[in-house]
Amino acid sequence: MLKKRILALVKFLIFLGLGIFIVWWMARGIDEEGWKQIKLSLRKARFILILPVFVLLVLSHYFRALRWKMLMEPLGYRPSTFNVFNAVMIGYMANLAFPRLGEILKCTLLAKYEKTGPDKLVGTIVAERAVDLVCLFIVFFLTIIVQIDVVGQYAMTILEKFTNNAQGGSPVIIFIFLIIVVFIWVLSKWIKKNPDNTFLQKISTVLKGVWQGLISIRYVKNKFLFIAYSLTIWVLYYMGTRIGFYAMSEVSHLGMQEALSILSFGSIGMIVTQGGLGAYQYAVQETLHLYQIDKVIGFTYGWVLWIAQTAVILLGGLFSLLVMPVYNRNK
């Protein structure tokens, strides 16, 4: 148990350290004129327009709670929506401190107040993550399709650098696809030949968990509603990003396509480091630079969006942490 706690602490410090390093690395490239520009942008910013973003983000968490509740019904659990929502918010807040702590905590909280089995709820968490992974893939696909001239070309340029292929896009795509297929095939053979290898078995467990999570959705009674909830969550994320443009005059002219790009690349940034610190701001900065937005402005806007998202999680999590015991005082 002590070794696991130490390992969890080391992981936390590594991800947090990576985030702090990225922030430092981005900040060191900003000269005195750049910092003046940041201060001016923040003074001119209309932070009142961030309030609709707050509302949209809270709504996205509410629909996430509704979707999670649907996954519990085939297991025979019908918890109150309010308890599920509070558990989701507390889980998000806990994840800011330690990765995956929130997933365990929200299952434990529901088990305490709703008499559910926390071990069984873990499977529903895997299903949720699998669905979100598919949704993120769809968002990326749409981003490239509708902006092949900007984002698509940029992605192609990066791929060509890695493959040293100067003959165009199609050979690169085929080459990358073949590499992925071969890699998966070799990995599966390697796992079968080394059943005692702990690291390989962990990879196998993760892949199986994602697959089992995806196929477990077939037990959901109203599949159309489940899909609608999943799409609504990402549409609300998208709307929050789009409306957030109006908070800063330097990016207020940007529209739907730019918001889609930030949603795609920013989502990756949120995964890379602890709470997205540093990585999210960098992803937003580089994405906006594709649309001829100065990197200093992109850096500033990245912080504005990140602070809004983190504030919703912190305030919502603290509220739920205080209210949940009171709401369930008779249980």
(request) Kindly provide the set of residues from segment 227-258 that are under 14 Å from Thr300 (Cβ atoms) and of a type in the set (Asp, Glu), ordered by number. (result) Glu250
(request) Quick one: Ile307 ticks every box in (1) over 24 Å from Asp149 (Cβ atoms); (2) touching a helix residue (DSSP H, G or I) at 6+ places or on another chain (Cβ under 6 Å) except a single one, so which number is it? (result) (2)
(message) Under 7 Å between Cβ atoms, which residue pairs at least 6 apart in sequence (or on different chains) link something in segment 101-129 that is of a type in the set (Lys, Arg) with a partner that is surrounded by 16 or more Cβ atoms within 10 Å (Cβ to Cβ)?
(response) Lys106/Ala87; Lys106/Val88; Lys106/Ile90; Lys106/Gly91; Arg129/Gly213
(message) Thr124 - would you say it is assigned to a loop (DSSP other than H, G, I, E, B) and on the phi < 0 side of the Ramachandran plot?
(response) no
(request) Identify the residue in segment 83-120 that is of a type in the set (Gly, Ala, Ser) and part of a helix (DSSP H, G or I) and, among all such residues, is nearest to Gln274 (Cα to Cα). (result) Ala97
(request) At least 2 residues that are within 30 Å of Lys44 (Cβ to Cβ) and modelled with pLDDT under 85 in each: list the helices (runs of 4 or more DSSP H) lying fully within segment 170-273 that qualify. (result) 256-272
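From the list Ile293, Ile297, Ile268, which one is surrounded by fewer than 18 Cβ atoms within 10 Å (Cβ to Cβ) and more than 30 Å from Glu114 (Cα to Cα)?
When all the criteria are applied, what remains is Ile268.
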(request) State yes or no: is Ile313 touching a helix residue (DSSP H, G or I) at 6+ places or on another chain (Cβ under 8 Å), modelled with pLDDT of 90 or more, farther than 28 Å from Val84 by Cα and surrounded by 15 or more Cβ atoms within 10 Å (Cβ to Cβ)? (result) no
(request) Give segment 86-106 a look and list any residue that's at pLDDT below 85 and hydrophobic (A, V, I, L, M, F, W, C), or say none. (result) Leu96, Ala97, Phe98, Leu101, Ile104
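The values are calculated or read from the model by the stated rules, or taken from the named source; none is laboratory data. For clarity, every value in this text was computed on a predicted model and none was experimentally measured. Methodologically, a virtual Cβ is constructed for each residue, glycine included, from the backbone with ideal geometry; neighbour enumeration extends over all protein chains shown.
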